[in-house]
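The values are calculated or read from the model by the stated rules, or taken from the named source; none is laboratory data. Just so it is clear, the structure is predicted and the values come from calculations on it, not from any experiment. Cβ: placed from backbone, ideal geometry, glycine included. Neighbour counts: every protein chain shown. Protein only, heavy atoms only, side chains kept; ligands, DNA and RNA dropped before computing areas. Shrake-Rupley method; radii C 1.70, N 1.55, O 1.52, S 1.80 Å.
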Amino acid sequence: MTEELFREDSYLKECDALVVSADDAGVILDRTVCYPLGGGQPGDAGTMSWGSSSVAIVDTRYAEDGSIRHVVDNGAALPSVGDTVRIILDWDRRYRHMRMHTAMHLLGSILHYGVTGGNISAEKSRLDFDMEDTVDKEAVTAALEALVAQDHAVSCRWISDEELDAQPELVRTMSVQPPRGKGRIRLLEIENVDLQPCGGTHLRSTAEVGKVRIGKVEKKGKRNRRVNIHLDD
Ligand SMILES: [Zn+2]
């Protein structure tokens, strides 16, 4: 399995790693800073270099066995098993994903409806809500801006199923029911704002979200509102 360095520190921009396997499907390493597609957040891009060679990482995905595959262009030169490679993230893109992802938690804390879907990209993101009400774009943007200005601390922690069972008040404060049965659950907490299970990469504080606004609100069926979020820089 690949050691997931981004889980403990989402601000890591590079690392050295050993090549476990390399073929046309991609390169699997013993550790990585690259986040694999999941939870609505895109897989990371970046570069992989070794010796005098280097190749672009165009995507990052989970392999079927749970290890992490760094996808490279077809026909690109590949490192050999056992080589040490240096991974450097496309940090500008990932940082926008982190700003978007954290902003989506804020949006979910403002609109208290069930979330039926969502997608993050560096350009725009969206959350789908199970709701019939109309969305006041100006009011929601103002509420988002207030949460950003208040600079709430953001943190992650792991908790076991047993610890969760011993603290029923935790489940009551969560907006999403935690996925049990895997032994441990990763919780994302935005102090005084949001607490829920989440495996994505987030900011350290809401101030880093920066300039954010609600874009188009689309009616996708009687009980579904798609709310788009934009970063304005
Ligand atoms: Zn999250």
Selected residue [touching a residue at least 40 places away in the same chain (Cβ under 8 Å), under 30 Å from T32 (Cα atoms), in a helix (DSSP H, G or I) and charged (D, E, K, R)] from R96, R69, R126, R86: R96
Per-region count, the range 186-226, residues touching an Asp or Glu at 6+ places or on another chain (Cβ under 7 Å) and within 15 Å of A153 (Cα to Cα): 5
Yes/no for T116 being over 17 Å from R226 (Cβ atoms), open to solvent by 30 Å² or more (accessible area, probe 1.4 Å) and more than 14 Å from the ligand (Cβ to nearest atom): no
Count of the range 145-202 residues which are modelled with pLDDT of 90 or more, of a type in the set (V, I, T) and either open to solvent by 90 Å² or more (accessible area, probe 1.4 Å) or within 11 Å of the ligand (Cβ to nearest atom) (or both): 3
Within the range 6-24, tally of residues that are surrounded by 13 or more Cβ atoms within 10 Å (Cβ to Cβ) and not in a strand (DSSP E or B): 6
Residue satisfying all of: in the range 102-111; in contact (Cβ under 8 Å) with a residue 60 or more places away in the chain and open to solvent by 10 Å² or more (accessible area, probe 1.4 Å); nearest to the ligand (Cβ to nearest atom) among these: H105
Condition check for V209: open to solvent by less than 10 Å² (accessible area, probe 1.4 Å) and within 16 Å of the ligand (Cβ to nearest atom): yes
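Going by the conditions given, is V58 under 28 Å from D128 (Cβ atoms), open to solvent by 20 Å² or more (accessible area, probe 1.4 Å) and touching a strand residue (DSSP E or B) at 6+ places or on another chain (Cβ under 6 Å)?
It is true that V58 is under 28 Å from D128 (Cβ atoms), open to solvent by 20 Å² or more (accessible area, probe 1.4 Å) and touching a strand residue (DSSP E or B) at 6+ places or on another chain (Cβ under 6 Å).
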Given (1) of a type in the set (K, R); (2) surrounded by fewer than 12 Cβ atoms within 10 Å (Cβ to Cβ); (3) over 19 Å from the mean Cα position of the chain (by Cα), index of the condition R225 fails: (2)
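For every residue, the table says whether it meets (1) touching a Leu at 6+ places or on another chain (Cβ under 9 Å); (2) farther than 16 Å from G199 by Cβ; (3) among the charged types (D, E, K, R); (4) open to solvent by less than 10 Å² (accessible area, probe 1.4 Å).
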site: L37; (1), (2), (3), (4): no, no, no, no
site: G40; (1), (2), (3), (4): yes, no, no, no
site: D44; (1), (2), (3), (4): yes, no, yes, yes
site: M48; (1), (2), (3), (4): yes, yes, no, yes
site: D90; (1), (2), (3), (4): no, yes, yes, no
Filtered residues of the range 25-44 (kept if within 16 Å of the ligand (Cβ to nearest atom), of a type outside the set (S, T, Y), touching a residue at least 40 places away in the same chain (Cβ under 8 Å) and in a loop (DSSP other than H, G, I, E, B)): G39, G40, P42, D44
